[in-house]
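For reference, the structure is listed below as structure tokens.
FYI, it's all coordinate maths here, none of it is from the lab. Keep in mind that what you see is a predicted model, and the values were worked out from it rather than measured. Note that we place each Cβ from the backbone using ideal geometry, even for glycine, and neighbour counts take in every protein chain shown.
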Amino acid sequence: MTVLVVTTFSIKDTFMASIHNDIPLPVSARDVWDAVRDFGALPQRLAPGFVTACTLDGDARIVTFANGSVAREVLVDCDDARQRLVYAIDNERLKHYSASVQVIAESDKRCRLVWIIDMLPNELAPYVQGQTKDAVAAIHRAFPSTPA
């Protein structure tokens, strides 16, 4: 079962939303990390159907979503040892958006993908939360259970 938690916290009297997704997957952490770190292959490898196009632009990717919205996501860090990728979005609607995706092995054939988004303004959190639910469904489609 995927766990989704939305919280807010205050920084200098400004409330920031924090959206946590803990996604169990029935495949190896190595396979999931390989897809996560392939920064330009979102529609093919990680979120098919939710992301319809992705173009690399230097250290960023231009992502087109199924609902027609487009975001420029800048790669902040890609840590192979920790299997953790961090990206940020900077646009006119968002004052702050930083996200991390980390893959944690549970066994040789199971892992968890932990995706955390911190954002301002927190009033946009319900929209982003809805989008993440659709993204999680796409991630599950990308890594289906295999018969034993």
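Only one of these is part of a strand (DSSP E or B) and basic (K, R): R82, R141, R112. Name it. Reasoning before the result, please.
On the way: R82 fails: part of a strand (DSSP E or B); R141 fails: part of a strand (DSSP E or B).
Only one candidate qualifies: R112.
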Next item on the list: Could you check P126 against (1) more than 12 Å from the chain's Cα centre (by Cα); (2) surrounded by 20 or more Cβ atoms within 10 Å (Cβ to Cβ) and say which number it fails?
Entry: (2)
Next item on the list: Name the residue, out of A71, A135, A105, A88, that is closer than 13 Å to I23 by Cα, assigned to a strand (DSSP E or B) and among the small types (G, A, S).
Entry: A105
Next item on the list: Please list, ordered by first then second residue, the pairs with beta carbon atoms under 8 Å, 6 or more apart or interchain, first in the stretch 128-142 and small (G, A, S), second part of a helix (DSSP H, G or I).
Entry: A138/L46; A142/A35; A142/R45; A142/L46
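This table checks each residue for (1) more than 17 Å from T132 (Cα to Cα); (2) touching a Lys or Arg at 6+ places or on another chain (Cβ under 9 Å); (3) buried (at least 16 other Cβ atoms within 10 Å of the Cβ).
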{"residue": "A60", "(1), (2), (3)": "yes, yes, yes"}
{"residue": "F65", "(1), (2), (3)": "no, no, yes"}
{"residue": "G68", "(1), (2), (3)": "no, no, no"}
{"residue": "D80", "(1), (2), (3)": "yes, yes, no"}
{"residue": "K109", "(1), (2), (3)": "yes, no, no"}
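Give D90, D59, D79 a once-over and let me know the one that is touching a His at 6+ places or on another chain (Cβ under 9 Å) and acidic (D, E).
Details: D59 fails: touching a His at 6+ places or on another chain (Cβ under 9 Å); D79 fails: touching a His at 6+ places or on another chain (Cβ under 9 Å).
Criteria check complete, one pass: D90.
Looking for whichever is outside any strand (DSSP E or B) and surrounded by fewer than 16 Cβ atoms within 10 Å (Cβ to Cβ) here; the options are R45, R30. Which one fits?
On the way: R45 fails: surrounded by fewer than 16 Cβ atoms within 10 Å (Cβ to Cβ).
Just one listed residue meets the conditions, R30.
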